[in-house]
Amino acid sequence: MIEVKSYNNEDSEKWDDFVENTARNSTFLHTRKFFRHNPINQELDSSLIFLKNSNILCVIPAVLQQINGRVIWNSHAYATYGGFVAADKLSVEDALEVIDLTIQQAGKHKADEIVVRNPFRVFYKVPTDETDYAMWTKGFQILRRDVEITLPLEGFTVQSVYSLYNGKTRNAVRKAEKENIKIRVSRDFSEYWQILRLNLASKHDAEPIHSLEQFQHLEKLVGEKHIKFFGAYLDDRLIAGIIVFVLNKQAVHAQYIAGLQEFLSLRPINLLIHQISVWAIENNFQYFNLGMCTDPGGSGLNLGLCKFKEGFGGRSILRETMHLILK
């Protein structure tokens with residue numbers, strides 16, 4: 001028999017201990033430390049904890065939204081993903097009961113719809129598709145599909161990583177090296193945010209998801225071990241950078257990639273991706289995820305961006321966002 005309870009702040013320590021030390025498909029983006037960086041998560045929180053024999057079997061972070069007069073129980077609207085985070089002991093039978101309980105809880109909140117956006121499977125320690133199957137059997141349908149490009153690094157060495165790259169990418173990395181561009185791990189977030197804002201404004205007429213202050217607050221909450229900044233410097237001037245999220249012990253993710261337009265012909269982004277791949281191999285990570293190639297709705301594909309990332313040996317990974325219309 002599985003028991004379900006609504007999350008409250010008193011559960012924070014137990015939740016994070018489960019996510020960080022027990023769950024088989026979690027990243028630091030599932031911790032309460034992460035969710036605390038955005039006040040709206042606290043305001044709209046509707047997360048659930050599932051217990052079996054008094055032990056946490058599963059958790060799911062979620063918020064309750066009101067959009068165009070409809071109530072949406074969403075996992076997760078204010079993070080890259082949410083989804084069911086499972087213990088090793090979660091079985092298919094357990095998953096069926098967990099989904100039933102989730103539907104019941106959403107109904108108690110008078111939700112019109114449930115949305116579940118899972119992490120990508122390469123972030124999992126072991127295969128964990130029980131809740132995906134259970135959602136399908138309970139009537140959930142695919143709301144959208146997203147494709148990201150990830151570099152499979154397991155089995156490669158610092159020397160052999162070049163064999164992942166196509167000829168164009170290898171030449172670009174070597175060009176940047178010849179231009180004497182240096183890659184450093186630093187905390188130059190303030191300087192980088194100016195580059196990031198310029199980049200997003202010129203390309204997409206947009207702002208970063210995080211303000212500089214929000215991002216610095218996030219770093220303080222989750223710790224430097226989870227957030228790394230790799231900068232490309234030319235004559236000690238920062239010209240490009242990549243902020244890397246260290247998701248868990250097997251995967252790292254490029255959260256923000258940006259560079260000054262006038263220096264992009266020197267290929268600093270190519271050298272950054274190469275050096276981060278080397279760093280990831282040296283630290284025994286299996287995957288370096290380069291991020292999405294689809295538009296925010298998932299239906300449009302940026303083929304040029306896909307080809308650029310595939311040039312590093314990247315391969316597509318698919319994530320399905322599921323939903324259930326309740327009324």
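The values are calculated or read from the model by the stated rules, or taken from the named source; none is laboratory data. It should be emphasised that the depicted structure is a prediction, and the values quoted were computed from it without experimental measurement. All Cβ positions, glycine included, derive from the backbone under ideal geometry; neighbour counts span all protein chains shown. Please note that ligands, DNA and RNA were not included when accessible areas were found on the heavy atoms of the full protein model with its side chains. Shrake-Rupley method; radii C 1.70, N 1.55, O 1.52, S 1.80 Å.
Suppose the filter is farther than 29 Å from residue 89 by Cα, assigned to a helix (DSSP H, G or I) and either charged (D, E, K, R) or touching a helix residue (DSSP H, G or I) at 6+ places or on another chain (Cβ under 8 Å) (or both); does residue 133 pass it?
In short, no.
Which number in (1) at positive phi; (2) touching a Cys at 6+ places or on another chain (Cβ under 8 Å) marks the one condition that residue 284 misses?
It is condition (2) that residue 284 fails.
Quick test of your reading of the structure: residue 205 fulfils all but one of (1) surrounded by fewer than 21 Cβ atoms within 10 Å (Cβ to Cβ); (2) modelled with pLDDT of 95 or more. Name the failing condition by number.
Only one criterion is unmet by residue 205, namely (2).
Which residue pairs have Cβ atoms closer than 6 Å, lie 6 or more positions apart in sequence or on different chains, and pair a first residue in the range 285-297 that is at pLDDT 90 or above with a second residue that is surrounded by fewer than 22 Cβ atoms within 10 Å (Cβ to Cβ) and of a type in the set (Phe, Trp, Tyr)?
Taking only residues 6 or more apart or on different chains, not a single pair turns up.
Of all residues in the range 19-34, which are touching a residue at least 40 places away in the same chain (Cβ under 8 Å), touching a Ser or Thr at 6+ places or on another chain (Cβ under 8 Å) and either crowded, with 18+ Cβ neighbours inside 10 Å or within 24 Å of residue 113 (Cβ to Cβ) (or both)?
19, 25, 29 - these are the residues of the range 19-34 that are touching a residue at least 40 places away in the same chain (Cβ under 8 Å), touching a Ser or Thr at 6+ places or on another chain (Cβ under 8 Å) and either crowded, with 18+ Cβ neighbours inside 10 Å or within 24 Å of residue 113 (Cβ to Cβ) (or both).
Picking from 60, 72, 67, which residue would you name as being over 21 Å from the mean Cα position of the chain (by Cα) and touching a residue at least 40 places away in the same chain (Cβ under 8 Å)?
It is 72.
Identify, please: which residue in the range 273-327 is small (Gly, Ala, Ser) and open to solvent by 30 Å² or more (accessible area, probe 1.4 Å) and is, among those, farthest from residue 240 (Cα to Cα)?
299
Can you pull out the helices (runs of 4 or more DSSP H) entirely within the range 166-236 that have at least 3 residues that are among the polar types (S, T, N, Q) and under 29 Å from residue 29 (Cβ atoms)?
It comes to 189-204.
What is the residue count in the range 199-227 for residues that are aliphatic (A, V, I, L, M), within 16 Å of residue 257 (Cα to Cα) and more than 16 Å from the chain's Cα centre (by Cα)?
4
Taking the range 88-110 on its own, how many of its residues are part of a loop (DSSP other than H, G, I, E, B) and buried (at least 23 other Cβ atoms within 10 Å of the Cβ)?
Residues meeting the conditions: 1.
Test residue 122 against the criterion of being touching a residue at least 40 places away in the same chain (Cβ under 8 Å), within 25 Å of the chain's Cα centre (by Cα) and either in a helix (DSSP H, G or I) or surrounded by fewer than 17 Cβ atoms within 10 Å (Cβ to Cβ) (or both), and give yes or no.
Against the criterion (touching a residue at least 40 places away in the same chain (Cβ under 8 Å), within 25 Å of the chain's Cα centre (by Cα) and either in a helix (DSSP H, G or I) or surrounded by fewer than 17 Cβ atoms within 10 Å (Cβ to Cβ) (or both)), residue 122 qualifies.
Among what's in the range 1-18 and is open to solvent by less than 30 Å² (accessible area, probe 1.4 Å) and out of contact with any strand residue (DSSP E or B) (no Cβ under 8 Å at 6 or more places or on another chain), pick the residue that is nearest to residue 125 (Cα to Cα).
That would be 16.
Being surrounded by fewer than 11 Cβ atoms within 10 Å (Cβ to Cβ) and within 16 Å of residue 275 (Cβ to Cβ) is the filter here; which residues of the range 156-171 pass it?
159, 160
Considering each of 200, 234, 212 in turn, give the residue that is surrounded by 15 or more Cβ atoms within 10 Å (Cβ to Cβ), more than 20 Å from residue 267 (Cα to Cα), in contact (Cβ under 8 Å) with a residue 12 or more places away in the chain and not aromatic (Phe, Trp, Tyr).
Being surrounded by 15 or more Cβ atoms within 10 Å (Cβ to Cβ), more than 20 Å from residue 267 (Cα to Cα), in contact (Cβ under 8 Å) with a residue 12 or more places away in the chain and not aromatic (Phe, Trp, Tyr) holds for just one of 200, 234, 212, which is 212.
Please work out which residue is surrounded by the most Cβ atoms within 10 Å (Cβ to Cβ), limiting yourself to the range 44-87 and to residues that are of a type in the set (Phe, Trp, Tyr) and over 21 Å from residue 125 (Cα atoms).
It comes out as 73.
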